[in-house]
Structures are given as C-alpha cells and as structure tokens.
Amino acid sequence: LIVNDSRALNINDKIKNAKVTISSSDMTDITVDSEVNAGKGTFFFEKIPVGDNRVVTIQALDENGKNISGWTMRNVLDIKAGSNSVVVDWKSTGLGNVYSELLAKGEKIANYTDAQDSSIKNAVPSALGYYVDSAAIANDFKNSSLKSSASYKMTAAKLTYKSAGATGYTITVLDPTSANKTIASESSGSVDNIAPGKWTVQVLDSGSEVILNKSMTFDSDVSLDLGTIGNLLKDKVIIFIKGASHI
C-alpha cells in the first residue's frame, strides 16, 4: 500500500510504478520494479537469503520512472525457509526506517539479538512513519542512549500564506497527509496537517496553470511561510511620472 486513501490530493495520478528493494547487512540488495494500480500492488521475490532483519523498501515512481520524493515506505522482517509475506505501509515505515538508518551507518543488523531488536521496537512510537523520528532512534540505539517512545514522536507542520487577488488559486503540498487548499477571498491562511519531511509545494491559479513548484523541508511542529501569492497589482494604482526636459 503506497497511498493514503483519505488524502485530498489524488496521488494515484502520479504514482505509476514502484521499486521494491530487500536489503540487509549479510546480503546483496535485491530489487524489482513493477506497475501499481491505484497506488497499490503485490510484489513477488525469489531466492531471498534466509536471515533476520531484512529491510523491505517501497519507493513510489512517477510515469517517467523517477522517485517521488518522500513517498518511501518500509518494513522489516525475518526471512524463514519457505514462503514469507509482509505488508508495507505507513504504519510499518517508522520501524523500517530505523533499520534502514542503522544499515546505512554500517551496522550489522542481521546479527542483532532478540534483546536488541526488542529495544528498537519498544522505542518506536505508535504512529505513521512520517511522524516517527527514525534517525534519532537509530542514533540513540547506536549510542546506547534510547529514550521513551514518546520522545521520538513528531507532529504535523504548517504552511502559511498571504493572498492578493488569488481567489480560486489552489495550494498543494505533495505529502501524504495535508489537504489541497483552495483560496476564497481571504487575505491570509494556512495549509495544515503537513507531514514532516521534504515535499514539493505547488500553486495553481484559477485556470489550473502551475505558477509555483517549490521544494520545501517541513520540520515537526514548525510553521513555514510561502509569502504572498496572486496578483500583487490587483486593486493598486500605478502612476508613471515623466521627468521634464530642460534646455
């Protein structure tokens, strides 16, 4: 599952394919690409080495085969002999991201003991992946300084704006949680419930023409300002003054 069905933005129109990678510290990465239908798909792998802590990463791709920034989901599982299955969604991504971070740091995650795995799982808050500070958990685990799970739970960000003659304009943040914001007659406002992360912000005018396409990084519980959008000359009078010539 690589979509959020409650998302106001129809991300399904953008997700055409997905790249799935299985990795760990004692194996070579195995990757397959496949088409997805309405943002959902089932993937099959063969000859995965038996072992613990295999990180399954799903990366959403657009129609050109390029990564869609931020739309990466993960889970982690132990591979036993025979058939194995795993569901990868936003609920599993927080834990999967921790193991991915540890793997990137050169940690031998396949050799972790049950006690080590339990300490990591206990540190991951019950939250969707984009609200879990997985990098902090990985760092603290490596430094033997894990805190309570509540310490690693992040909250939504906000994007504020001012409007000048922008009635009918639409602001979209390409994250998994926020809703499209269509401007009415207000002079200012905000897009709320933005997931922490690096996302593309798009502004479309009333004729659905893209007038802004900008990458912005949203931190937990932080408000960013988009500035003023719309027709900045609306309701203003421009006076041109020509200087007199003297002979």
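The values are calculated or read from the model by the stated rules, or taken from the named source; none is laboratory data. Since the model is a prediction, treat every value here as computed from it, not as a measurement. Cβ: placed from backbone, ideal geometry, glycine included. Neighbour counts: every protein chain shown. Please note that ligands, DNA and RNA were not included when accessible areas were found on the heavy atoms of the full protein model with its side chains. Shrake-Rupley method; radii C 1.70, N 1.55, O 1.52, S 1.80 Å.
Odds and ends about this structure:
- When residues in segment 40-78 are screened for being of a type in the set (Val, Ile, Thr), outside any loop (DSSP other than H, G, I, E, B) and over 18 Å from Leu95 (Cβ atoms), 1 of them pass.
- Residues in segment 153-209 that are under 27 Å from Ile137 (Cβ atoms), open to solvent by 10 Å² or more (accessible area, probe 1.4 Å) and in a loop (DSSP other than H, G, I, E, B): Met154, Thr155, Ala156, Leu174, Thr177, Pro196.
- The residue pairs whose first member lies in segment 207-222 and is in contact (Cβ under 8 Å) with a residue 40 or more places away in the chain, whose second member is in a loop (DSSP other than H, G, I, E, B) and open to solvent by 60 Å² or more (accessible area, probe 1.4 Å), and whose beta carbons are closer than 8 Å, counting only pairs six or more residues apart or on different chains, are Ser220/Thr155; Asp221/Thr155.
- Selection within segment 38-93 - of a type in the set (S, T, N, Q) and surrounded by 13 or more Cβ atoms within 10 Å (Cβ to Cβ): Asn53, Thr57, Gln59, Ser69, Thr72, Asn75, Asn84, Ser92, Thr93
- Yes/no for Asn143 being in contact (Cβ under 8 Å) with a residue 60 or more places away in the chain and surrounded by fewer than 16 Cβ atoms within 10 Å (Cβ to Cβ): no
- The residue list Tyr130, Tyr99 contains one member that is under 14 Å from Asp52 (Cα atoms) and touching a residue at least 12 places away in the same chain (Cβ under 8 Å), which is Tyr99.
- Number of residues in segment 151-179 that are at pLDDT 90 or above, over 13 Å from Tyr130 (Cα atoms) and not charged (D, E, K, R) equals 14.
- As a summary of the residue check, Ser126 satisfies the conditions (1) open to solvent by 70 Å² or more (accessible area, probe 1.4 Å); (2) under 19 Å from Asp26 (Cα atoms); (3) of a type in the set (Gly, Ala, Ser) except for the one numbered (2).
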